[in-house]
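Undergrad: Handing you a structure now.
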Amino acid sequence: MRELLVDIKALSLEMVTLDGVARVLNGVNLTIHRGDLVGLVGETGCGKSVTAMSIPQLVPQPPARYSGGEVRFLGENVLEKSAEELRRLRSRHIGVVFQDPMTGLNPVFSVEQQMVDALLSKQDLLAATTLGRRWLPSSRMQRRHAQERAIALLRRVGIPEAEKRIHAYPHEFSGGMRQRVLIAMAIAGRPDLLIADEPTTALDVSVQAQILRLIAELVREIDLTVLLITHNMGLVAQLCNRIAVMYAGSVVESGPVRRILREPQHPYTRGLLQAIVTEKTGRGTLQGVPGSVPSLYEPPPGCRFAPRCQEARPQCTAALPRLRQSAPDHQVACVLYEE
Amino acid sequence: MLLELRNLTKVFVARGRRQVRAVDDVSLAIPEGATFGLVGESGSGKSTLARMIPRLIEPTSGEIVYQGQNLCHFSEKQMRAVRQEIQIVFQNPFSSLNPRMTVRQLVGEPLQIHRKASGASLDRQVLSMLETVGLQPEQANRLPHEFSGGQRQRIGIARALILHPKLLILDEPTSALDVSVQAQVLNLLLDLQQRLGLTYLLITHDLGVVHYLCDRAALLYLGAVVEQGPINWIFQRPSHPYTRALLDDVPSVDPDQRMLERVSLEADSFSVHWGGTGCRFAPRCPARQVAACTTVEPPLGALAESEHRVACHLAHPLLAGESV
Amino acid sequence: MLRYLLNRLLWIPVVLILLSLVTFVISRLVPGDPVKLAAGPQARPEQIEKMIEEFGLDRPLHEQYLRYMGGLLQGDWGYSIGNRRAVLPDLLTYFAATLELTVVATLLGLLVGIPLAVVAARWRDRWPDHLSRFVSIGAVSVPVFWIAIVLQLVFGQLLQWLPVSGRFDPRQSYPQSITGILLLDTLLAGNLPGFWTASRYLLLPALCQSLLVVALITRQLRGDLLEMLRKDFVMVARANGIQERILWSRYLMKNAMIATVSMLGFLIGFALGGSVLIEFVFDWPGIGQYATKAALLLDFQVIMGSTLFIGVVVVVVNLFTDLAYRLVDPRIRFS
Amino acid sequence: MASSVSPPSSRLARWREDHASQLSDLRRGLFRFARNRLSLLGLWIVVVMLGVAVTGSTWVPFPGDTLGDVHMDNRLQPPNATHWFGTDDAGRDVFTRVIVATRTSFQVGLIILGVAISIGVTLGAVAGYVGGTPNQIIMRLTDVMLTFPGIFLPMALAAALGRGMVPAMLALSVTWWPGYCRLVEAQMLKVREEDFVAGARAIGASQRRVIFRHILPNTLTAIVVKASMDFGFAVLALASLGFIGIGIQPPEPDWGSMIALGRRFMPGAWWISTFPGLFMFVMVLGFNLLGDGLRDLLDPNATVK
């Protein structure tokens, strides 16, 4: 059995806003083994980003507040770690790529300065080489080493003329190029886990393909484990081997990509797959999921999908169905599969 | 033809007097009752083109011929009348509705402006239009921020339809929406077209949506049309390397259809510089190139099937003076 | 960049002409009779007649304006109707005092305001934030001439720690003028006791004047910092394991400093504006006091000269801060 | 006739139903406002001050002291049970004069802001929407007006127009508008780029409609917030002119001239300056706190804090 990297158990999270308390996560279960390429899919507001960002504890608290469950990374519960332990966890074990490459880099620092800082931070050398100690000979040497590694990394992620471009400022890069820089920073510490939060949503289709290909290459080269958060099933089909589908704050189905794409069990997964329009969709045959996502402030009782579900039964509104094994390596949370 | 664009061009003057040809010599024709797709990535000029048609942006040169009349010569007053017939649905349902107006005011406003109805009759029309687009009459007094993205897009559609327009310009109507909601809106658009006999100009970057809704389409690259024709030709025999690359790059939902191994486009349209001569796609083109690619701008020439036109030297070997 | 600079420089004469027009119109609105006021109650009609002719007040308005402008170009800013002294040399002397006060007040304000803003943003919605909000709102709300009097009362008269009026101790020999700025002059002359005295005289007025700067900078910078905290690059830095301490002191501070530099022109203008009342209360021999006294005596040449002078100073300061901003912000520097 | 009018209760109910969204937004805003104690404090101060301004002259203990009464036998009394804030050099009750000055200050403040906002918003709207040459002319003029820092320009103008309340008011009114002009222009430029403005033009809305129905209402928040803060500043500026000696003239009560008077009797009769200043400080503080809170209240997008 491969090593269990991430184990999220019954994680619940609330957001305290002025409109009340939003129950954003409602008992999420998710496991990631070393070497997995997991696609976490779902629609806006289903809690997929919050779930993923709970692993490196990057969800701002407040307004968020964990109300139950645990998040284990390599066996340890990250919800109980101190700020400094979390910082080490983030710098050494987890890399994160965010959605919007336009705002992901600080506009007033050159790419070189930001990359060097990130690299030094991952070696725990940043504090010793910045601020007052910046001009010590040893610091300058460390910085020079880091700069060389940064150039090598930029070359690896496909930035042409990296040794020249590294001195440029973020606004001189296109969106695709910035995303490459951010990927380079994220993989710099050879992390155990790479979290990619909608990494291509803000990019054109052709650039999206380039970024996707880059991630796939990196996976092969440095044995990355990836958690890809997206609403695009195509990306998951192309990159991932496992998939977890979220709806309104819980994982409703998870399993191997092929199995779930070919034989989805949860009515929501089925609806989602039928709603995708491709060249093969005949005109007028597209089916959406009727209705819209429920309010997180006053979620419906029982299964949160029940009000939109065409196969809903009376017992659906009784209790939230638990995620159960419906076939080997395939879990689903739906009363239809409880027998 | 309901709408014809002839050599439409828009030049923006950027800072430092640099000229940007956002739309470059675009010609196309849309028959009544058809759905025409305009496909392009960011920076291709597709939104500028959309806004030029009702002259929300003034064209630099070229003609906009609507029902045989050139709109470019119309006065502001005449344009207001034409704008009853040409409506736009905007991409972003979060910014395209005035946050301080209720749904009733938003949907009723066009009728008020053109003095088509008032009082009870206006109310009746608004409520029936809300029903047409699938909203409940009880929601009429709500403000936009209380609705979800899909519902807001329905409000936008209702507002556009209430004047009974002939042409609806849909500027990325579903790109800000979730998949399950996108399907609802696409089907609503199909349904409305059948019932009301509308003509659509659909602007999008999503080839799946184009295939689903459109009869014909044009691909825009850096402001110019590079390929144009009936939808089946474009999807089955894409003849421009850019079209082929776009079709290849859409990640397929079928895990067995591997797209990651194929070579596709290099770089992106922002970091690769086109000097202004030759083919604008040449700096990124994955195809084998001929000398003319960097010297002569390829014309939008017809292929064997005369309705299918492509601007590529490789597709027109004779024009380029070289054999392939 | 060069094109921008040229553009800005070309605008300056236009702005200056508009400035002079505005001030000229105001100074000739005077319905009361400044000449009579200046000549005194016992003046004979011929005397007044002579003065009116002397100041050209009998000519048509446009001629008066052209004459005045012609004088300005030759460095002749007219002379005071009250004490018959030339305006420009006086303005320059008084301006040095105002400049000293304003610069020290702005520095003081930055020194207090920046940390206050950072603390407020760092602990948003907690007590440091509330405190800083109260301080900044309180500081703009307090009538500056009143707080000046209160400070005079407390530190000058009750505690007797600090002098309350003037710029230097009349019992000591006044430092020789090199730049006109006493702190600099005494330092240049190596006159440390003089420097100490000058600082003591400067402290209270500068403190009063810095209140506005503190308020403005705290409020603006706190907002800017909070907006930056929402940006993804903060998230990216945290994801890369960069310590909060370094994130704040290195990353956010640079962004904050750029925001501050862009405000600097406005801040200095603000401080200059506040100087009128403070100079009046502390009897600080600056341009504000000069202008106030002129306003009370309807000394129109001085009113016009000093308003115009301050206007020019603000135009120049704005130009320089704008350039400085363009130099420190890479987004503008390289585009 | 009577039959067509529904009973008031049901009409109210219908109105509430029609405006349910606006009402719930308002409730949410009030809730947010009320959560901030400083904003609430500001509101209370403003309400009390308004009450004082309106009713003050009817209940002050020595109304005659604002009209020129002199009691030389009673001069320079420190605060005591009869004279809470003490008496000045002419034996007049400082408390009475402070209270009565509120009314004049408020009236003048309102006029100054009214004039300034009308001029500023009109010019700003023209500059922001029309653009081109009118924009250049208006905005350059605004720049020039804003070049004179602080009280320089109003002081010069007020001095030129002569001493007293009316010249001071005029001088402040015509020098106060540039701030609003610049604010409205900037806001209009921002709102003009929003999709919904393009949308309004696309359905054939006239320019007037676009400006008044779509753009200006969305700049209102900024104007209201600025105005609520500016009110305090306008009163402060008026008092500053009084302090210098070119604003409201004694015996008419004015905080500025009272503080100036008290200066002459420092440090012995500290109360003559201290109380009017303190009172004015509290008032300006109230308006600023209120304005700061209003910013949160009126922002329709700020739902999450």
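The values are calculated or read from the model by the stated rules, or taken from the named source; none is laboratory data. The structure displayed is predicted, hence computed values, not measured ones. Neighbour counts are summed over all protein chains in view; Cβ atoms, including those assigned to glycine, are modelled from backbone coordinates with ideal geometry. In case anyone asks, the SASA skips ligands and DNA or RNA and just uses the protein heavy atoms, side chains included. Shrake-Rupley method; radii C 1.70, N 1.55, O 1.52, S 1.80 Å.
Undergrad: Return the value, in Å² to the nearest 100, of accessible area buried between chains B and D (probe 1.4 Å, both sides summed).
TA: On the way: alone 16160 and 16580 Å², together 30310 Å².
Result for this pair: about 2400 Å² buried.
Undergrad: Counting each DSSP H run of 4 or more residues in chain D as -39500 (n - 2.57), what helix-only mean residue ellipticity at 222 nm follows after dividing by all residues, to the nearest 500 deg cm²/dmol?
TA: Details: 11 runs with 211 residues, N = 305.
Taking each H run of at least 4 residues, the total per residue is -23500 deg cm²/dmol.
Undergrad: Step through the residues of segment B:188-199 one at a time and calculate ³J(HN,Hα) from phi using the Karplus curve (6.51 cos²θ - 1.76 cosθ + 1.60, θ = phi - 60°), rounding each to whole Hz and writing x for Gly and Pro.
TA: 4, 5, 4, 4, 5, 4, 5, 6, 10, x, 7, 10
Undergrad: Shifting gears a bit: Can you pull the Kirkwood radius for segment C:207-335, inverse mean 1/r over Cα pairs, to one decimal in Å?
TA: That comes to 17.3 Å for segment C:207-335.
Undergrad: How shielded is C:241-251 by partner chains, expressed as the average number of their Cβ atoms within 10 Å of its Cβ atoms? It would help to have the intermediate numbers written out before the result.
TA: Numbers: counts 18, 12, 9, 2, 3, 7, 2, 0, 2, 8, 6.
Shielding by partners across C:241-251 averages 6.
Undergrad: Still on this model: Hand me the chymotrypsin sites (Phe, Trp or Tyr not before Pro) from segment D:236-288 located in a DSSP loop with no more than 15 other Cβ atoms within 10 Å, in residue order please. Please list the in-between numbers first.
TA: Working: sites: D:PHE243, D:TRP255, D:PHE265, D:TRP270, D:TRP271, D:PHE279, D:PHE281, D:PHE287; in loops: D:PHE265, D:TRP270.
Within segment D:236-288, no chymotrypsin sites (Phe, Trp or Tyr not before Pro) qualify (loop, at most 15 other Cβ atoms within 10 Å).
Undergrad: Per residue of B:234-247, how many C-beta atoms from partner chains lie within 10 Å of its own C-beta, taken as a mean? Don't skip to the end; give the middle numbers.
TA: Working: counts 0, 1, 1, 0, 0, 0, 0, 0, 1, 0, 0, 3, 4, 2.
Taking all residues of B:234-247 together, the mean is 1.
Undergrad: Given a cut-off of under 8 Å on Cα pairs at least six residues apart, what relative contact order in percent is computed for segment B:236-319? Display every interim value, and only then the final one.
TA: Values: 87 pairs, mean separation 19.9, N = 84.
Relative contact order, segment B:236-319: 24 percent.
Undergrad: For A:MET246, list long-range residues whose amide hydrogen, built 1.01 Å from N in the peptide plane, is under 5 Å from its own amide hydrogen.
TA: When sequence neighbours closer than 5 places are left aside, the close amide H contacts are A:VAL41, A:GLY42, A:VAL252.
Undergrad: Counting only other chains, and only Cβ atoms inside 10 Å, what mean value do you get across the residues of D:159-166? Don't skip to the end; give the middle numbers.
TA: Numbers: counts 15, 13, 5, 5, 2, 0, 0, 0.
For this peptide, the per-residue mean of nearby foreign Cβ atoms is 5.
Undergrad: Could you state how much accessible area is buried at the B-A interface, both sides summed, with a 1.4 Å probe, in Å² to the nearest 100?
TA: Working: alone 16160 and 16830 Å², together 29360 Å².
The contact between A and B buries close to 3600 Å².
Undergrad: Suppose we compare each residue of segment A:153-191 in its chain alone and in the full protein complex with a 1.4 Å probe; which ones drop by at least 50 Å² of accessible area?
TA: When all protein chains are present, A:TYR169, A:HIS171, A:SER174 each give up 50 Å² or more of accessible surface.
Undergrad: Tell me the total accessible area that C and A bury against each other, 1.4 angstrom probe, in square angstrom rounded to 100. Each step should come with its number before you reach the end.
TA: On the way: alone 19050 and 16830 Å², together 33210 Å².
Its buried surface, counting both partners, is about 2700 Å².
Undergrad: Still on this structure, I have one more. Mean projection of the alpha-carbon convex hull of chain C over all orientations, in nm²?
TA: Numbers: hull surface 90.9 nm².
So the Cα hull casts an average projection of 22.7 nm².
Undergrad: Turning to a different aspect of this structure: Express in % the proportion of alpha carbon pairs of segment B:75-155 at distances exceeding 21 Å. Mind showing how you got there, number by number?
TA: Working: 989 of 3240 pairs.
Result: 31 percent of Cα pairs exceed 21 Å.
Undergrad: Using θ = phi - 60° and the Karplus relation 6.51 cos²θ - 1.76 cosθ + 1.60, list the HN-Hα couplings for segment C:297-308 in order, rounded to whole Hz, with x at every Gly or Pro.
TA: Rounded to whole hertz, the list is 9, 6, 7, 5, 4, 6, 4, 5, x, 6, 5, 4.
Undergrad: So, in nm, how far is label A:ASN241 from label D:ALA13 when the simple model puts each one 7 Å beyond its Cα toward the Cβ?
TA: 6.6 nm
Undergrad: In whole Å, what are the extents of chain A along the principal axes defined by its C-alpha atoms, from largest to smallest?
TA: 73, 47, 45
Undergrad: In percent, what relative contact order does chain A have, based on Cα pairs under 8 Å that are 6 or more apart in sequence?
TA: Numbers: 598 pairs, mean separation 69.4, N = 339.
That works out to 20 percent.
Undergrad: Given a Förster distance of 25 Å, report the FRET efficiency between B:GLU138 and B:SER118 from their Cβ-Cβ distance, rounded to the nearest 0.05. Could the numbers behind the result be given before it?
TA: Values: r = 22 Å, r/R0 = 0.89.
It comes to 0.65.
Undergrad: Hey, what angle do you get for helix D:165-192 against the long axis of chain D, alpha-carbon based, 0 to 90 degrees rounded to 10?
TA: 30 degrees
Undergrad: Can you tell me what share of the DSSP beta bridges in chain A is antiparallel? A percent to the nearest 5 is fine. Please report the intermediate quantities before stating the final value.
TA: Working: 32 of 50 bridges.
If I count the DSSP bridges inside chain A, around 65 percent turn out antiparallel.
Undergrad: Can I ask one more? Show me C:82-88, B:25-31, C:294-300 ranked by packing, highest mean number of other Cβ atoms within 10 Å first. Before the final figure, lay out each step's value.
TA: Details: C:82-88: 14.6, B:25-31: 18.3, C:294-300: 23.1.
Sorting C:82-88, B:25-31, C:294-300 by mean packing, highest first, produces C:294-300, B:25-31, C:82-88.
Undergrad: Between segment C:251-320 and segment B:98-120, how many Å separate their Cα centres?
TA: Spelled out, the Cα-based centre of one part sits 51 Å from the other.
Undergrad: Using a 1.4 Å probe on protein heavy atoms, which residues of segment C:125-142 have at least 40 Å² less accessible area in the complex than alone?
TA: Going by heavy-atom accessible area, the residues of segment C:125-142 that drop by at least 40 Å² are C:ARG133, C:PHE134, C:ILE137, C:VAL140, C:SER141.
Undergrad: Moving to a separate point now. At 7 Å along Cα-to-Cβ for each site, give me the label-to-label distance between C:GLU227 and B:VAL13 in nm.
TA: Calculated label separation equals 2.9 nm.
Undergrad: Determine ³J(HN,Hα), in whole Hz, for all residues of segment D:249-256 in sequence, where each value follows from phi through the Karplus function 6.51 cos²θ - 1.76 cosθ + 1.60 and θ = phi - 60°; x replaces Gly and Pro.
TA: So the Karplus estimates, Gly and Pro as x, are 9, x, x, 3, x, 8, 4, x Hz.
Undergrad: Express in whole angstrom the spacing between the alpha-carbon centres of segment D:118-148 and segment B:182-256.
TA: Rounded to whole Å, the Cα centres lie 46 Å apart.
Undergrad: Over the heavy atoms of A:ILE8, what accessible area does a 1.4 Å probe trace out, to the nearest 10 Å²?
TA: About 0 Å², rounded to the nearest 10.
Undergrad: Continuing with the same structure: Expressed as a whole percentage, what fraction of the accessible surface of chain A belongs to carbon and sulfur atoms when a 1.4 Å probe is rolled over the protein heavy atoms? Intermediate results must be reported in sequence, preceding the final value.
TA: Values: 6760 of 13370 Å².
For chain A, the apolar C and S fraction of the accessible surface comes to 51 percent.
Undergrad: For A:ILE229, list long-range residues whose amide hydrogen, built 1.01 Å from N in the peptide plane, is under 5 Å from its own amide hydrogen.
TA: Amide H to amide H, under 5 Å and 5 or more residues apart or across chains, A:ILE229 pairs with A:LEU40, A:ALA196, A:ASP197, A:GLU198.
Undergrad: Put simply, what bits of segment B:74-122 lose 40 Å² or more of accessible area when the other protein chains are there, versus the chain on its own (1.4 Å probe)?
TA: B:ARG80, B:ARG83, B:PHE90, B:SER95, B:ASN98, B:PRO99, B:ARG100, B:GLU109, B:ILE113
Undergrad: 5 Å is the cut-off here: which amide hydrogens, built 1.01 Å from N in the peptide plane, fall below it relative to A:GLY27, excluding neighbours closer than 5 in sequence?
TA: It is A:LEU11, A:SER12, A:LEU13, by chain and number.
Undergrad: Taking just the alpha-carbon atoms of segment D:84-192, what radius of gyration and Dmax come out, in angstrom?
TA: When restricted to Cα atoms, segment D:84-192 yields Rg and Dmax of 18.4, 61 Å.
Undergrad: A follow-up question, please. Report, for the protein assembly as shown, the % of DSSP beta bridges that are antiparallel, rounded to 5. If you can, show how the numbers build up before the last one.
TA: On the way: 59 of 95 bridges.
Among the beta bridges of the protein assembly as shown, antiparallel pairing accounts for roughly 60 percent.
Undergrad: Can you pull the one-decimal nm distance between simple spin-label points at B:ASP215 and B:HIS273, each 7 Å off the Cα toward Cβ?
TA: For the pair B:ASP215/B:HIS273, the computed spacing is 4.5 nm.
Undergrad: Also, quick follow-up: Taking springs between alpha-carbon atoms closer than 10 angstrom, which of C:ASN318, C:ASN255, C:ASN240 fluctuates most in the Gaussian network model of chain C?
TA: Top of the fluctuation ranking is C:ASN240.
Undergrad: Compute the whole-percent fraction of alpha carbon pairs in segment B:3-220 spaced more than 27 Å apart. Before the final figure, lay out each step's value.
TA: On the way: 7726 of 23653 pairs.
In whole percent, the share of Cα-Cα pairs in segment B:3-220 beyond 27 Å is 33.
Undergrad: Checking the table A:LYS48/D:LYS190; C:LYS293/D:LYS226; B:LYS46/B:LYS116; A:LYS48/A:LYS280; B:LYS77/B:LYS116 against a 27 Å threshold on Cα-Cα, which pairs fail? Don't skip to the answer; put the middle values down first.
TA: Working: A:LYS48/D:LYS190 33 Å; C:LYS293/D:LYS226 32 Å; B:LYS46/B:LYS116 32 Å; A:LYS48/A:LYS280 29 Å; B:LYS77/B:LYS116 16 Å.
Check vs 27 Å cut-off fails for A:LYS48/D:LYS190; C:LYS293/D:LYS226; B:LYS46/B:LYS116; A:LYS48/A:LYS280.
Undergrad: For chain A, modelled as a GNM with alpha-carbon contacts under 10 angstrom, which of A:GLY20, A:GLY45, A:GLY104 fluctuates the most?
TA: Comparing A:GLY20, A:GLY45, A:GLY104 in the GNM, the peak value goes to A:GLY20.
Undergrad: Right, another one. Averaged per residue, what accessible area in Å² does the protein assembly as shown show with a 1.4 Å probe, protein chains only?
TA: Each residue of the protein assembly as shown exposes 42 Å² on average to a 1.4 Å probe.
Undergrad: Which of the peptides A:122-130, A:184-192 is most tightly packed, and how do the rest follow, going by the mean number of other Cβ atoms within 10 Å of each residue? Each step should come with its number before you reach the end.
TA: Working: A:122-130: 18.6, A:184-192: 22.1.
So the peptides A:122-130, A:184-192, ranked by packing, come out A:184-192, A:122-130.
Undergrad: Can I ask one more? Going highest first, how would you order C:137-148, B:163-174, C:226-237 by mean Cβ packing within 10 Å?
TA: Numbers: C:137-148: 23.6, B:163-174: 22.1, C:226-237: 18.1.
By packing density, highest mean first, the sequence is C:137-148, B:163-174, C:226-237.
Undergrad: Given a cut-off of under 8 Å on Cα pairs at least six residues apart, what relative contact order in percent is computed for segment D:71-220?
TA: Working: 160 pairs, mean separation 32.6, N = 150.
Averaging sequence separation for qualifying contacts and normalising by length gives 22 percent for segment D:71-220.
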